Amino acid sequence: MPPRSIAARLFLSYLAVVAVGLLVAGLAIGGLLFKYENDVTRIRLQELAAPFQTAIQTAVRQGQQPRDALASLAEQVQAANARVLIVSPGNNPTTANAQRRVLLDSDGTLVNTRLPLPDATGIGQFTDADGVAWIFVQQQLRTAALGAGGQGFIVIARPRAVFADVIRALLPSLVIAGVIAAGFALVVAGLLARTITEPLRRLVGGVRAFTSDQRARAPVGGPAEVRELGGAFNEMAGEIDRARTSEQAFLADISHELRTPLTSIHGFAQAIAEGEARGDGVPRAALVIQREARRLVRMVEGLLQVAKLEAGVQRLAHERLAGADLLRAAVAALDVQAREAGVSFDVSADTLPVSGDPDRLSQLFLNVLDNAVQHSPRGATVKVHGERADGEVVVRVRDHGAGLPPGADRKLFGRFWRGDNATGRAGAGLGLAIAQAIAQAHGGSIDARNVPDGGAEFAIHLPAAT
């Protein structure tokens, strides 16, 4: 089962790095020592070969037998951890490595065996019958005691280094170094784990505090990644806090908006039920109940429509449309209402090709135009101008009312918001919210601004149909 804590994982990671590092270092050092030991052996052999070969050559020239000459050097050869061989010429001197018979051996184990030795003087290497590798220096020896024309070779040899032996020799030092490195890794991992886990613990504490107090925020500190995580959490917490505030404001607004029609319905229904409304009063009470009930239905349907559009669950048709026709149809639909309010329209628009849902886009234009009528004084003219520019269709609706109050740009398209300068004809405050939701569902938007000579201008931006 893998360790769960970051500190344990850091320690094991450092321990693994140290172990791998020691293994690689041991192999590299072992290889270097192996090469170095063989090089030293060759150099030492060259230093040993000259006196031994000179002594044997001198003894042979003075009439001694090679065996006696070799026996007189036995102690020096053993002290030098070497062996001296006297070998005969090969069976075929023309080959690079002739099989030469060992005539004399200072160790006595290779006598009468054959070795693959070169037919020349110099440094080389051979392997005996036991599989032991030897490095040697070879020199010619001439004496009648050797037979075969009196020609042979003196061979001075030392064992070649074995890599496994080198590694075994290094193993105790590697183990000690590993223990020291593991201790050092433990200290370093502990310090690093503390610098990493302490900010995480503080972050966890901040998250837990947020569950009970939505105003709490996580501390931001530690490594860059932890700081980034803390900042992201605080941003999320801020969004949640704003959403809760908006939700509470929405609940307060909808409670206020529903209270008035429900109070009217309840009052007139109670008057009918208790007999207080009699005669001609009953139809009037029924009309009020019917009007307020329709108002409630429109309000609920508007809220549902905004919610569906914002959630992206309402299906929209995608048809190529002439936006100017939809705009003129909306103006025609508001003709009676505009005449009653003493407001007229001045419409100028090109074809305005758009792609979308004809019913929803008609509702968008109708809501924006209706808002302009509601905020225009009697005798005013609402100017409507549509054009195609920079790959989009822009419809500008300008009224000559009191304009947008300060700070309205943050609330203008919110649900149930009505400006203080709204006339008595203003509705429940859902028209612009629905219009903005429809525009955004079609990939567009609506913005508003005050114009210098009075009034407000709403600009509807929709992608132009290709």
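The values are calculated or read from the model by the stated rules, or taken from the named source; none is laboratory data. None of these values were measured; they are calculated from a predicted model. All Cβ positions, glycine included, derive from the backbone under ideal geometry; neighbour counts span all protein chains shown. To get the accessible areas, we keep the full protein, side chains included, count just its heavy atoms, and leave off ligands, DNA and RNA. Shrake-Rupley method; radii C 1.70, N 1.55, O 1.52, S 1.80 Å.
Within 26 Å of residue 452 (Cβ to Cβ) and open to solvent by 20 Å² or more (accessible area, probe 1.4 Å): is that true of residue 351 in this structure? So residue 351 fails the test. Of the residues making up segment 321-338, those that are outside any helix (DSSP H, G or I) and over 49 Å from the mean Cα position of the chain (by Cα) number 1. Kindly establish whether residue 31 is surrounded by fewer than 16 Cβ atoms within 10 Å (Cβ to Cβ) and outside any helix (DSSP H, G or I). Against the criterion (surrounded by fewer than 16 Cβ atoms within 10 Å (Cβ to Cβ) and outside any helix (DSSP H, G or I)), residue 31 does not qualify. For segment 65-80, the count of residues that are modelled with pLDDT of 75 or more, in a loop (DSSP other than H, G, I, E, B) and on the phi > 0 side of the Ramachandran plot is zero. Please go through segment 339-348 and give me each residue that is in a helix (DSSP H, G or I) and open to solvent by 10 Å² or more (accessible area, probe 1.4 Å), ordered by number. Matches in segment 339-348: 339, 340. Taking segment 267-319 as the range and being touching a residue at least 40 places away in the same chain (Cβ under 8 Å) and farther than 25 Å from residue 354 by Cα as the test, the residues that pass are 295, 298, 299, 303.
Remark: residue 94 matches the filter, which requires a residue to be over 60 Å from the mean Cα position of the chain (by Cα), at pLDDT below 75 and assigned to a loop (DSSP other than H, G, I, E, B). For segment 439-466, a residue qualifies if it is in contact (Cβ under 8 Å) with a residue 24 or more places away in the chain, over 16 Å from residue 392 (Cα atoms) and either open to solvent by less than 30 Å² (accessible area, probe 1.4 Å) or of a type outside the set (S, T, N, Q) (or both), and the qualifying residues are 448, 449, 451, 454, 455, 456, 457.
The set of residues from segment 124-171 being touching a Phe, Trp or Tyr at 6+ places or on another chain (Cβ under 8 Å), at pLDDT 80 or above and among the aliphatic types (A, V, I, L, M) comprises 133, 154, 155, 156, 157. Quick check on my filter: what residues within segment 242-261 are surrounded by 15 or more Cβ atoms within 10 Å (Cβ to Cβ) and at pLDDT 75 or above? The one that is surrounded by 15 or more Cβ atoms within 10 Å (Cβ to Cβ) and at pLDDT 75 or above: 261. Of all residues in segment 373-398, which are in contact with a Lys or Arg (Cβ under 7 Å, 6 or more places away or on another chain), more than 19 Å from residue 321 (Cα to Cα) and open to solvent by 30 Å² or more (accessible area, probe 1.4 Å)? Within segment 373-398, 383, 398 meet the criteria.
For segment 365-372, check the following and say yes or no: at least one residue is of a type in the set (A, V, I, L, M, F, W, C), crowded, with 20+ Cβ neighbours inside 10 Å and under 13 Å from residue 455 (Cβ atoms). Yes, some residue in segment 365-372 is of a type in the set (A, V, I, L, M, F, W, C), crowded, with 20+ Cβ neighbours inside 10 Å and under 13 Å from residue 455 (Cβ atoms).
Suppose the filter is out of contact with any Phe, Trp or Tyr (no Cβ under 7 Å at 6 or more places or on another chain) and exposed (fewer than 13 other Cβ atoms within 10 Å of the Cβ); does residue 16 pass it? Here the answer is yes, as residue 16 does meet what is asked.
Suppose we keep only residues that are free of Cβ contacts under 8 Å to residues at least 12 places away in the same chain and of a type in the set (Gly, Ala, Ser) within segment 217-235. Which one would you say is surrounded by the fewest Cβ atoms within 10 Å (Cβ to Cβ)? Here the residue is 224. The residues in segment 361-398 that are of a type in the set (Ser, Thr, Tyr) and either in contact (Cβ under 8 Å) with a residue 60 or more places away in the chain or part of a loop (DSSP other than H, G, I, E, B) (or both) can be counted, and the count is 1.
Of all residues in segment 275-328 being open to solvent by less than 100 Å² (accessible area, probe 1.4 Å) and touching a strand residue (DSSP E or B) at 6+ places or on another chain (Cβ under 6 Å), which is farthest from residue 413 (Cα to Cα)? Checked segment 275-328; the qualifying residue farthest from residue 413 (Cα to Cα) is 321. If you go through segment 274-290 and pick out every residue that is part of a helix (DSSP H, G or I) and either at pLDDT 80 or above or of a type in the set (A, V, I, L, M, F, W, C) (or both), you end up with 9. Taking segment 35-60 as the range and being open to solvent by 40 Å² or more (accessible area, probe 1.4 Å), of a type outside the set (A, V, I, L, M) and either closer than 21 Å to residue 125 by Cα or in contact with a helix residue (DSSP H, G or I) (Cβ under 7 Å, 6 or more places away or on another chain) (or both) as the test, the residues that pass are 35, 36, 37, 39, 42, 44, 46, 47, 51. Cβ-Cβ distances below 8 Å connect the following pairs, each with a first residue in segment 40-61 that is without any contact (Cβ under 8 Å) to a residue 24 or more places away in the chain, a second residue that is of a type in the set (D, E, K, R) and open to solvent by 60 Å² or more (accessible area, probe 1.4 Å), and a separation of six or more residues or different chains: 59/68.
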